[in-house]
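See below for the structure under consideration.
The values are calculated or read from the model by the stated rules, or taken from the named source; none is laboratory data. In this text the structure is predicted, and so the values were computed from the model without any measurement. Heads up, the Cβs are rebuilt from the backbone with ideal geometry, glycines too, and the neighbour counts pull from every protein chain shown.
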Amino acid sequence: MLLLTGTAGCGLSAETATPRCTSFERLGIVAQSVPTAAYVACLRALPEGWRATGFSVSNGRSSFTLLSDRSRGHPVAVLLTRRCDIADASVATPRVEGVRSYVRLTSVDPLYAGDLYDVFPGGCVRYSFAFPRGPHIPLMEELTSAVGLVARRDLRQHLRERLGVELDP
């Protein structure tokens, strides 16, 4: 079983442990957690007022949490798994070519809450959010710009060329 959690006791904070889209070595660990996933989730850059508050990797899933200072007490959970239940979700504008996106709202007032999904071959990223009504529009925009998806094929090529490591058997 593969398990990595970012903790201060290990010398890593959630902020430094959460994989950046340019940290291919760390993304390799995320990719191993869901070996079927055509994409892996990562942080591009955190907007002002946002911070990473947790990161874990295990067999079949990887997750990290993000928190905005404008949504205290309501962290966003970002979860990569093999599949998602998108029943009752509505089609949304795809964020990346080759990815289908969906949204399921569970509340619109006083919190704009629900799940956003990015679905692709062999995997899915679910973003569970609950933002206060009012700042919810810029918070959703900041969330979707902060979290990126790296194609497994690009990650595989980078690891092979730069480190001589094969991601998949």
Cys124 being more than 20 Å from Gly54 (Cα to Cα) and of a type outside the set (Val, Ile, Thr): no
Region 76-96, subset without any contact (Cβ under 8 Å) to a residue 40 or more places away in the chain and either in contact with a Gly (Cβ under 8 Å, 6 or more places away or on another chain) or of a type in the set (Ser, Thr, Tyr) (or both), residue surrounded by the most Cβ atoms within 10 Å (Cβ to Cβ): Ser90
Among Tyr112, Tyr39, which is out of contact with any Ser or Thr (no Cβ under 7 Å at 6 or more places or on another chain) and closer than 17 Å to Leu155 by Cβ? Tyr39
Could you say whether any residue in region 145-152 is assigned to a helix (DSSP H, G or I) and over 17 Å from Leu67 (Cα atoms)? yes
Within region 101-129, which residues are buried (at least 20 other Cβ atoms within 10 Å of the Cβ) and of a type in the set (D, E, K, R)? Asp118, Arg126
If I filter region 101-109 for residues that are over 21 Å from Ser33 (Cα atoms), of a type in the set (Lys, Arg) and at pLDDT below 95, do I get at least one hit? no
From Leu116, Leu105, Leu159, Leu167, residue being out of contact with any Gly (no Cβ under 8 Å at 6 or more places or on another chain) and either over 21 Å from Ala41 (Cβ atoms) or not polar (S, T, N, Q) (or both): Leu116
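For every residue, the table says whether it meets (1) surrounded by 24 or more Cβ atoms within 10 Å (Cβ to Cβ); (2) more than 26 Å from Ser107 (Cβ to Cβ); (3) touching a residue at least 40 places away in the same chain (Cβ under 8 Å).
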| residue | (1), (2), (3) |
| --- | --- |
| Ile29 | no, yes, no |
| Pro35 | no, yes, yes |
| Ala38 | no, yes, yes |
| Gly49 | no, no, no |
| Thr53 | no, no, no |
| Ser68 | yes, no, yes |
| Ser71 | no, no, yes |
| His74 | no, no, yes |
